[in-house]
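Notes follow the structure.
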Amino acid sequence: MLEGTFLKHSRIPLITHQTWRTLETESWNDIIRESVEQWIEVAMGDGTADGPEMAWFLWDDDGIDALTKEFATDMYDDIQKLPYPVELADMFRVLVLKWFGGIYADVDARPLKHPYGWIQESDLTPWTDASSGTELALHNPDRDEYALPSYTPASYRALFEDAVAASTSQPSINAIFGIGADNLPDPDPTYWRMGYTYPVQVTNWASVMAPHHIVADQFLQTLISDIDRQSEDLQIVDPLDITGPPALTAAIQLVTRREDPALAWNSLSWRNPGDPVGGRGKVVAGDALILPITGFNPGRSWFQNMGSKSTSHPNARLWHAAAGSWRKMDLKVQFGKFCRVSLGMCKEWKKIPT
């Protein structure tokens, strides 16, 4: 493939995917409009930093439905059981990366660097999990070759076969995830009082994957299993737990347990002894890069900072405005937040309105 087709040091195609309920731009608020404009500038080769032109797609609700029917035919009926729009949007961001690869970014997230250079040379160097003394390094994982399902469109099948034929044995990064929350582990209660499921938890307002990465498969398999198992209770299941950042974190954890069984998940924290100030990118499961919190969550205030550095820090790739486009006022959710933060109670209450 030609240089510039992928992010550097990867087999991840230079494609950005975003989604919004409508393509009628006059209905967008200023945050969304300005953020999307920045992505378009980057796609055109302008904007934040040097880099090649890249593809950019904005998917509306009809597009998501068409994608799901065409490329998740065997899952479509189950996916339609998800009761809340935010769950469908969460599902989409993984499904589109599974089939087409690239970068997913929320419409209120803004690139600070061109994605072409998001993988830095330092990210490729081995690192040591201080808790176990295990060294982890970039390598080609020993995985079964992916087989396309029978319903795959013929046009896609031809592209897939061409991509397989062009692949090389050179190890490369095939997924990038960013830590969104970085807290001390149990028994310290800070992480759940802040509303997180895990002390170290990835975010899902931005994710990056090569097509058919194992994390995408794991996420979707778990989602369908959860839908079947909790089909009578989906209305009361917290969307965060079934499709949100905790669900993505759990999928990555399952993959790393199989492929890096000695890894202690919390060693991904910037607190891992021996890490540089501000943390560093760390490869897990052979080809997945986990960025420190500054990667996708820079510029946090001093309160609940969790080690986040400024948006000008070398680790910062993307900034999230946290406009909360899926939010609506819910007194019970707001009281639950107050109850957790101020009183240290209400741990199991829903964290987002439904």
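The values are calculated or read from the model by the stated rules, or taken from the named source; none is laboratory data. What you see is a predicted model; the values in this text were computed from it and never measured. Cβ placement follows ideal geometry from the backbone for every residue including glycine, while neighbour counts extend to all protein chains displayed.
Below is a table of values for the structure above.
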{"quantity": "Within the stretch 184-273, helices (runs of 4 or more DSSP H) holding 1 or more residues that are among the aliphatic types (A, V, I, L, M) and in contact with a helix residue (DSSP H, G or I) (Cβ under 9 Å, 6 or more places away or on another chain)", "calculated": "214-229, 239-243, 245-259"}
{"quantity": "In the stretch 146-177, the residues that are without any contact (Cβ under 8 Å) to a residue 12 or more places away in the chain and not hydrophobic (A, V, I, L, M, F, W, C)", "calculated": "150, 155, 157, 161, 162, 168, 170"}
{"quantity": "Residue among 128, 68 that is more than 23 Å from residue 314 (Cβ to Cβ) and of a type outside the set (D, E, K, R)", "calculated": "68"}
{"quantity": "Selection count, the stretch 101-123, where residues are of a type outside the set (Lys, Arg) and farther than 14 Å from residue 175 by Cβ", "calculated": "13"}
{"quantity": "Test set (1) exposed (fewer than 13 other Cβ atoms within 10 Å of the Cβ); (2) at pLDDT 95 or above; (3) among the aromatic types (Phe, Trp, Tyr) - residue 198 fails condition number", "calculated": "(1)"}
{"quantity": "Test: residue in the stretch 92-108 that is touching a Gly at 6+ places or on another chain (Cβ under 9 Å), among the acidic types (Asp, Glu) and surrounded by fewer than 23 Cβ atoms within 10 Å (Cβ to Cβ)", "calculated": "yes"}
{"quantity": "Answer residue from the stretch 15-25, given it is over 16 Å from the mean Cα position of the chain (by Cα) and not in a helix (DSSP H, G or I) and is farthest from residue 58 (Cα to Cα) among those", "calculated": "24"}
{"quantity": "Residue ID - nearest to residue 203 (Cα to Cα), chosen from residues in the stretch 244-273 that are touching a strand residue (DSSP E or B) at 6+ places or on another chain (Cβ under 8 Å) and among the polar types (S, T, N, Q)", "calculated": "249"}
{"quantity": "The listed residue being within 23 Å of residue 89 (Cβ to Cβ), of a type outside the set (A, V, I, L, M) and in the same structural domain as residue 284 (by TED's automatic domain parsing), out of 221, 170", "calculated": "221"}
{"quantity": "Among the residues listed as 300, 257, the single one being at pLDDT 95 or above, basic (Lys, Arg) and in the same structural domain as residue 142 (by TED's automatic domain parsing)", "calculated": "257"}
{"quantity": "Test: residue in the stretch 246-261 that is over 19 Å from the mean Cα position of the chain (by Cα), in contact (Cβ under 8 Å) with a residue 40 or more places away in the chain and over 26 Å from residue 95 (Cβ atoms)", "calculated": "no"}
{"quantity": "Residue in the stretch 228-240 that is touching a residue at least 40 places away in the same chain (Cβ under 8 Å) and under 15 Å from the mean Cα position of the chain (by Cα) present", "calculated": "yes"}
{"quantity": "Residue among 130, 158, 105, 181 that is more than 26 Å from residue 305 (Cβ to Cβ) and in the same structural domain as residue 213 (by TED's automatic domain parsing)", "calculated": "158"}
{"quantity": "Count of residues meeting criterion [under 21 Å from the mean Cα position of the chain (by Cα), surrounded by fewer than 20 Cβ atoms within 10 Å (Cβ to Cβ) and among the aliphatic types (A, V, I, L, M)] in the stretch 160-194", "calculated": "1"}
{"quantity": "Filter pass, residue 116 being farther than 20 Å from residue 250 by Cα, surrounded by fewer than 18 Cβ atoms within 10 Å (Cβ to Cβ) and aromatic (Phe, Trp, Tyr)", "calculated": "no"}
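Okay, residues lined up against (1) within 17 Å of residue 211 (Cβ to Cβ); (2) touching a residue at least 24 places away in the same chain (Cβ under 8 Å); (3) crowded, with 17+ Cβ neighbours inside 10 Å:
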{"position": "17", "(1), (2), (3)": "yes, yes, yes"}
{"position": "24", "(1), (2), (3)": "no, no, no"}
{"position": "37", "(1), (2), (3)": "no, no, no"}
{"position": "55", "(1), (2), (3)": "yes, yes, no"}
{"position": "61", "(1), (2), (3)": "no, yes, no"}
{"position": "81", "(1), (2), (3)": "no, yes, no"}
{"position": "90", "(1), (2), (3)": "no, yes, yes"}
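Conditions (1) under 26 Å from residue 279 (Cβ atoms); (2) at pLDDT 95 or above, marked per residue:
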position: 75; (1), (2): no, yes
position: 86; (1), (2): no, no
position: 107; (1), (2): no, yes
position: 111; (1), (2): yes, yes
position: 127; (1), (2): yes, yes
position: 141; (1), (2): yes, no
position: 158; (1), (2): no, no
